[in-house]
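Each reported figure results from applying straightforward, stated rules to the coordinates on display, with no laboratory input. These numbers come from a predicted model, not from an experiment. A quick note on method: Cβ atoms are made from the backbone with ideal geometry, for glycine too, and the neighbour counts reach across all protein chains shown.
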Amino acid sequence: MKKLQILGLVLLFLVTNVLVLAQSPGNFSTSLHATRAGKAYWYKTENGGFESLTNIPMSNLKCTKCHPGTYADGSTVDPATYTPNCNDCHNFAQGSSVAENQCLKCHSRQKAEINLYSDVHRSKGMVCTSCHTKKEMHGDGNSYNSMFEVGAMERKCEDCHTTQPNTLSHTVHGDNLECKACHSKTVISCFNCHFESEVNGNIKRPYSQFRDFIILARRQSNNKITTATMMGLTYNGQSFFAMGPYNAHTIDSVGRQCSDCHNNSVIQEYNQTGKITITKWDAGQNKLLNTKAVIPVPSDWKQSFAMDFVDYTGPVDSATNPALWIFLKSGFDGAHMLYLDTLTSSDMAKLSISVGVKDENAIPKDFNLKQNYPNPFNPTTSIEFQLPKTTSVTLKVYNLLGKEVQTLINNRIYSAGTHSIVFNGRNLPSGVYVYRLEADGKSFTKKMILTK
């Protein structure tokens, strides 16, 4: 019995030490807080980064040693000798806990979110460390290129929200979207950074912090649609654009409206022109403006995204004079997107649907598939169908040989009413096509003509 007790104590000691070591400050040297590896990884030429335009190695830049003016205890940081260490965050004279204001000295976008938007978690008194674990901050002994690499972060919404309300939105989107895709009010973007100021003046000079928009793309790690943000940069007359995942701290308990995503102004612009305006120079106001909407990332985003960039004409080593920003160019010379995939053609087709019924009091008596309008069309047309009851719907387009060319709706639940979806034939040749609706065991087909 005594041997068993001793063995039990030994096992408990070993397990406890394994758990402690997994979250030990001894792992700090390989943590992202210490290595700042994300900046270099995104910047590198081999990853398609901005270095491909600047030809300036990351080692020649001072970005990697970015630091607040003071340590957590208030003592001044010496830039010449600074290396990331525990004192960045911890004031050990007051204990080991970290004040949220210390986090926000570096995480400026989160500070902007707090100042500008409410958040359901903050309203409950939660702070950074309510969600973010020691492993995420101190590291786990492994080296990661980015916080978006699998294993670097461990918290997710479902850790606390183990069950979701039984709503139509969760039924339709629950397996395909991350929670934040609907529940984030906005993402934040530090846009059009003037890199000459960084290189020659050691000053970070973005044009503006853009907000009130969300980018939707698919996260590579789970293939779910998630929120993303963008970053624009310029150097010596060249422009660069990057996109990556973004975890906004602007969460609302009520998800966004269907019309915020489905057939919104961005989708309509894309279907009608093949372009999506991201930023645009307004000569009348002398300002660079960003599109304030939900912005999807289609497969042709490098061709369809329309962006304007600006240049700063003032001294690179002094404070910014807003009047000295001028229009630089339209379009980008380089771009990349990491840890994300584009939306599929099926995703884009679903976003073209005008979700909802035209008249809630006018429920159709029968199933009906209407003739598309306009017909003939180039390249977009609307397809309308009517449902007398809530049911699963599939809508596909075929060529005259019977080959499926596009799935517009794939076995999705729709409520009773009249619904409309936009079909885009931009990538198809001219000809006659057949569209078929399947609902409640019934099938309906009609022909349409694409002319180019």
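What does the C-alpha gyration tensor say about the overall shape of the range 82-122? Classify as rounded when a/c is under 1.5, otherwise prolate if a/b is larger than b/c, or oblate.
Taking the square roots of the gyration eigenvalues as a ≥ b ≥ c, the range 82-122 is oblate.
Give the order of S304, S253 when sorted by the count of other beta carbons within 10 angstrom, beginning with the fewest.
Working: S304 17, S253 8.
By the 10 Å Cβ count, ascending: S253, S304.
If exposed means no more than 16 neighbouring beta carbons inside 10 Å and the site is in a DSSP loop, what's the longest run of the chain without any exposed GluC sites (Glu not before Pro)? Each step should come with its number before you reach the end.
Values: sites that count: E154, E360.
Answer from the scan: 155-359.
State log₁₀ I(q)/I(0) for the range 357-450 at q = 0.13, 0.25 Å⁻¹ as given by the Debye formula over alpha-carbon point scatterers of equal weight, solvent excluded.
Cα-only, vacuum Debye calculation for the range 357-450: -0.42, -1.32.
For L233, L216, what ranking results if the residue with the fewest other Cβ atoms within 10 Å of its Cβ goes first?
Lowest count first: L216, L233.
Averaged over every viewing direction, what's the projected area of the C-alpha convex hull for the range 57-151? Give it in nm², one decimal, please. Walk me through the numbers on the way to the answer.
On the way: hull surface 32.8 nm².
Averaged projected hull area, Cα only: 8.2 nm².
What percentage of all Cα-Cα pairs in the range 287-344 are separated by more than 20 Å? Spell out each step's value before the answer.
Details: 737 of 1653 pairs.
For the range 287-344, the share of Cα pairs beyond 20 Å comes to 45 percent.
Could you tell me what percent of the DSSP beta bridges with both partners in the chain are antiparallel, to the nearest 5? All intermediate terms of the calculation are to be shown ahead of the outcome.
Working: 65 of 79 bridges.
Expressed as a percentage, antiparallel bridges in the chain total about 80.
Just want the ordering: R205, R211, from fewest to most Cβ atoms lying within 10 Å of their own Cβ.
With the fewest neighbours first, R205, R211 line up as R205, R211.
So which lysines pass the test for K180, namely a Cα distance under 21 Å, with those fewer than 8 places away in the same chain ruled out?
Leaving aside lysines fewer than 8 places away in the same chain, those within reach of K180 are K111, K124, K156, K224, K292, K350.
Per-residue HN-Hα couplings for the range 139-154, Karplus 6.51 cos²θ - 1.76 cosθ + 1.60 at θ = phi - 60°, whole Hz, x for Gly and Pro?
x, 10, x, 9, 9, 10, 7, 6, 5, 8, 6, 4, x, 5, 10, 10
Quick one: compute the contact order of the range 357-450, relative version, from alpha carbon pairs under 8 angstrom and 6+ residues apart, as a percent.
Numbers: 220 pairs, mean separation 31.4, N = 94.
Answer for the range 357-450 is 33 percent.
Sequence neighbours fewer than 8 away in the same chain don't count; with that in mind, list the aspartates and glutamates whose C-alpha is under 15 Å from K446.
E384, E404, E438
On a C-alpha basis, how far is the centre of the range 429-451 from the centre of the range 374-412 in Å? Whole number, if you could?
If you average the Cα positions of each part, the centres end up 6 Å apart.
Using only alpha carbon pairs under 8 Å that are at least six residues apart, calculate the relative contact order of the chain and give it in whole percent. Let's see the in-between values first.
Working: 836 pairs, mean separation 52.1, N = 452.
For the chain, the relative contact order is 12 percent.
Could you give me the radius of gyration and the Dmax of the chain, taking only the C-alpha atoms into account and expressing both in angstrom?
So, for the chain, Rg and Dmax equal 26.1, 88 Å respectively.
Just from its helices, what would the mean residue ellipticity at 222 nm be for the chain, if runs of 4 or more DSSP H residues each count -39500 (n - 2.57) and the sum is divided by every residue, rounded to the nearest 500 deg cm²/dmol?
-5500 deg cm²/dmol
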